[in-house]
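The values are calculated or read from the model by the stated rules, or taken from the named source; none is laboratory data. All of these numbers come straight from a predicted model, not from anything done at the bench. Positions of Cβ are backbone-derived with ideal geometry, glycine not excepted, and every protein chain shown enters the neighbour counts. Areas reflect the complete protein model, heavy atoms only, side chains present, ligands, DNA and RNA absent. Shrake-Rupley method; radii C 1.70, N 1.55, O 1.52, S 1.80 Å.
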Amino acid sequence: MKTIKILLILLITVVSHTLTAQEVTFDNQAYVVKNKVISLNGKDVSETLTESQKIEIYNLADTKKAEIKAAEKAVKAADKEKRQKEKQAKAEAREVKAQERERKAAEKERKRSEKARKKSEKARQKIEKANAKIEKAESNLEKANAKLEKETKKYQKLEAKGKLSPNDIDKWEGKLEKLRSNITKAEQKLNKLK
């Protein structure tokens with residue numbers, strides 16, 4: 001910022017000096033040229049100089065004027081280059097911020113996706129466990145039914161042969177009742193799981 005102010009002050013000084021007059025040194029004398037009028041120590045000496053001296057002084061003034069314009073141009077070019085660099089730096093900073101936002105958004109999306117994947121995996125495992133429990137309950141029910149059927153047939157066979165005493169009949173009926181109770185429990189458990 002300071003350099004810009006210094007450059008502007010220098011530019012204003014050069015421009016004002018250019019607009020007012022050109023100071024040139026010729027034959028160890030400091031002449032001032034303004035609008036084709038040559039002055040020495042504030043007095044017009046245009047008429048006292050020879051034509052070749054006038055041409056030489058005008059040429060020096062033109063050269064000095066060209067140097068001042070070149071300096072002004074260089075100052076403007078440096079200022080323009082500095083502005084372009086600042087503009088480019090701002091654009092790069094915006095680009096970096098945009099990339100950072102994109103990176104953060106991608107990271108957030110990745111985390112959200114990972115979280116959803118984990119949630120889905122947990123749900124799948126829960127369903128698998130529930131299905132396994134249902135299969136086990138169905139298997140237990142089938143086993144209980146098979147055992148009841150087997151024991152009922154055995155009881156009926158022994159009863160048909162007349163090999164059961166009243167005490168044995170009570171035991172068998174208690175045993176069969178217990179098996180029916182197991183089937184009822186297995187059915188309730190299965191219904192609860194479904």
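Tabulated data
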item	result
Which listed residue is in a helix (DSSP H, G or I) and either over 30 Å from S181 (Cβ atoms) or among the acidic types (D, E) (or both), from K108, K129, K133	K108
Test: residue in the range 72-84 that is under 30 Å from I38 (Cα atoms), in contact (Cβ under 8 Å) with a residue 12 or more places away in the chain, open to solvent by less than 100 Å² (accessible area, probe 1.4 Å) and not aliphatic (A, V, I, L, M)	yes
Pairs where the first residue, in the range 47-69, is without any contact (Cβ under 8 Å) to a residue 12 or more places away in the chain and the second is open to solvent by less than 70 Å² (accessible area, probe 1.4 Å), C-beta under 7 Å, 6+ apart	L49/I38
Some residue of the range 105-128 being touching a residue at least 40 places away in the same chain (Cβ under 8 Å), out of contact with any His (no Cβ under 6 Å at 6 or more places or on another chain) and open to solvent by 60 Å² or more (accessible area, probe 1.4 Å)	no
Which numbered condition K87 misses (of (1) open to solvent by less than 70 Å² (accessible area, probe 1.4 Å); (2) over 30 Å from Q188 (Cα atoms); (3) at pLDDT below 95)	(1)
Selection within the range 129-150 - in contact (Cβ under 8 Å) with a residue 24 or more places away in the chain and either at positive phi or open to solvent by less than 70 Å² (accessible area, probe 1.4 Å) (or both)	A130, I134, A137, E138, N140, L141, A144, N145, L148
Residue match in the range 171-184 (condition: of a type in the set (A, V, I, L, M) and in contact with a Phe, Trp or Tyr (Cβ under 8 Å, 6 or more places away or on another chain))	yes
In the range 157-186, the residues that are open to solvent by less than 80 Å² (accessible area, probe 1.4 Å) and within 60 Å of the chain's Cα centre (by Cα)	A186
Count - residues of the range 111-148 that are of a type in the set (D, E, K, R) and closer than 30 Å to Q188 by Cβ	12
